[in-house]
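Before any comments, here is the structure.
The values are calculated or read from the model by the stated rules, or taken from the named source; none is laboratory data. Fair warning: this is a prediction, and the values are worked out from it, not measured in the lab. Quick reminder, even Gly has a Cβ in these numbers, built from the backbone with ideal geometry, and neighbours come from all protein chains shown. For accessibility, only protein heavy atoms count, side chains too; no ligands or nucleic acids. Shrake-Rupley method; radii C 1.70, N 1.55, O 1.52, S 1.80 Å.
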Amino acid sequence: MLTIYSDKHRLHHGTELKDGVLKPSVEMPRRADTVLARIRAVGLGAVVGPSDFPSSLYSPVHSPRYIRFLENAWADWLAVGRTHDALPLIWPVRDLRADIEPEHIDGKLGFYAMDAGVPITAGTWEAVRSSANLALTGVRAMADGAPSAFALCRPPGHHAAAEYMGGYCYLNNAAIAAQGFIRQGAQRVAVIDVDYHHGNGTQSIFYERADVLFVSLHGDPKNSYPYFLGRADERGGGAGTGFNHNYPLPHGTAWDTYGGALADACARLAAYAPDAIVVSLGVDTFKDDPISQFKLESDDYLRIGEMLAGVGRPTLFVMEGGYMVDDIGVNAVNVLQGYEGCR
């Protein structure tokens, strides 16, 4: 399987406010480095760099003003005399107005963020732009004949919506890829998210569309981040009604439960008969992940890949979460090897 990768991910690593403490983010460069090392160790296939794409191709997934914010946020932060990581100060919650973009960077950061896990640093824009371009390069490679590909994206993307960042995510790489397939002529695209955390951003972006099916298996938002989306009754709206399917699962979920949910999800994918599938590949469902609550074993990831291969559609894998760094390479690559072994 072709892997698309860039060293530019190392330009981004900052602090996050988590558990009431400001500390280095668990979304660290070593995550991607570990996956890449495993890809090379097992001989998965060629590793290539990304093509360069204009930021206009991140629309309509993201609004032009949100993209401008990301491009300019660090310069705006420096302009008010700050050189440390930029984090939000205030959010427009409940009865505060959220219809007008503030001019000051403190207001902009809160306007475009859903949490304090998305620091802006000097290298953030270049890293997130490169990450999105990895996904678009995967789309191009498949248009040129590759049956599958793996975009080793970092930072991840599935929590980012049209106009907000959150959960370590800035640009929604999987959604940008799905839109890329549509742009190249696909009539239907499916996105399946197997990260522990619900892909709220991807759901939000495609919620009222029938040309992109979104399916997510994740920790029940009653007890798991992002808490405010991901319930089973969220089925889509407008033209998208019936094209959004969530599988919220309880703490402690192991393969006996997870495998059944994934089988049902794959049946939905097959029935939709998409021209392409985008997999938001998070492996924070692992039993030892430090911020998640599922109990999958490393061998279970082979089964995930096998089941996805059984759908029988061209598939682009896009890296999302997974924070047990010592095991992330084995687990992510197991999915890819399981898929390749059954394709």
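Just to be sure I understand, how many residues within the stretch 65-90 are under 30 Å from VAL212 (Cα atoms) and open to solvent by less than 90 Å² (accessible area, probe 1.4 Å)?
6
For the condition over 17 Å from ALA276 (Cα atoms), in a loop (DSSP other than H, G, I, E, B) and without any contact (Cβ under 8 Å) to a residue 40 or more places away in the chain, what is the one hit in ALA210, ALA232?
Criteria check complete, one pass: ALA232.
Inside the stretch 100-143, can you point out the residues that are out of contact with any helix residue (DSSP H, G or I) (no Cβ under 8 Å at 6 or more places or on another chain) and among the hydroxyl-bearing types (Ser, Thr, Tyr)?
THR137
Out of all the residues in the stretch 271-292, which are surrounded by fewer than 15 Cβ atoms within 10 Å (Cβ to Cβ) and under 20 Å from GLN179 (Cα atoms)?
Passing the criteria: only ALA273.
Kindly check whether there is at least one residue in the stretch 179-187 that is on the phi > 0 side of the Ramachandran plot and either open to solvent by 10 Å² or more (accessible area, probe 1.4 Å) or in contact with a helix residue (DSSP H, G or I) (Cβ under 6 Å, 6 or more places away or on another chain) (or both).
Yes; the residues of the stretch 179-187 include at least one that is on the phi > 0 side of the Ramachandran plot and either open to solvent by 10 Å² or more (accessible area, probe 1.4 Å) or in contact with a helix residue (DSSP H, G or I) (Cβ under 6 Å, 6 or more places away or on another chain) (or both).
Is it fair to say LEU302 is aliphatic (A, V, I, L, M), outside any loop (DSSP other than H, G, I, E, B) and either free of Cβ contacts under 8 Å to residues at least 60 places away in the same chain or surrounded by fewer than 21 Cβ atoms within 10 Å (Cβ to Cβ) (or both)?
The answer is yes for LEU302.
Of (1) under 21 Å from the mean Cα position of the chain (by Cα); (2) closer than 25 Å to ARG188 by Cα, ALA273 satisfies all except one. Which?
(1)
Just to be sure before I move on: is GLY260 of a type in the set (Gly, Ala, Ser), over 22 Å from the mean Cα position of the chain (by Cα), surrounded by fewer than 19 Cβ atoms within 10 Å (Cβ to Cβ) and in a loop (DSSP other than H, G, I, E, B) in the structure I sent?
no
Can you work out which of the residues in the stretch 19-40 that are aliphatic (A, V, I, L, M) and surrounded by 15 or more Cβ atoms within 10 Å (Cβ to Cβ) is nearest to GLY123 (Cα to Cα)?
MET28
Could you give me the residue pairs with C-beta distances under 9 Å whose first residue belongs to the stretch 273-286 and is free of Cβ contacts under 8 Å to residues at least 12 places away in the same chain and among the charged types (D, E, K, R), whose second residue is open to solvent by 10 Å² or more (accessible area, probe 1.4 Å) and not in a strand (DSSP E or B) wherever it lies, and which are 6+ apart or on separate chains?
none
For LEU296, all conditions in the list (1) buried (at least 24 other Cβ atoms within 10 Å of the Cβ); (2) in contact (Cβ under 8 Å) with a residue 60 or more places away in the chain hold save one; what is the number of the exception?
(2)
Filtering the stretch 41-64 down to residues that are open to solvent by less than 30 Å² (accessible area, probe 1.4 Å) and of a type outside the set (Ser, Thr, Tyr), which residue is nearest to VAL139 (Cα to Cα)?
Filtering first and then ranking leaves PHE53.
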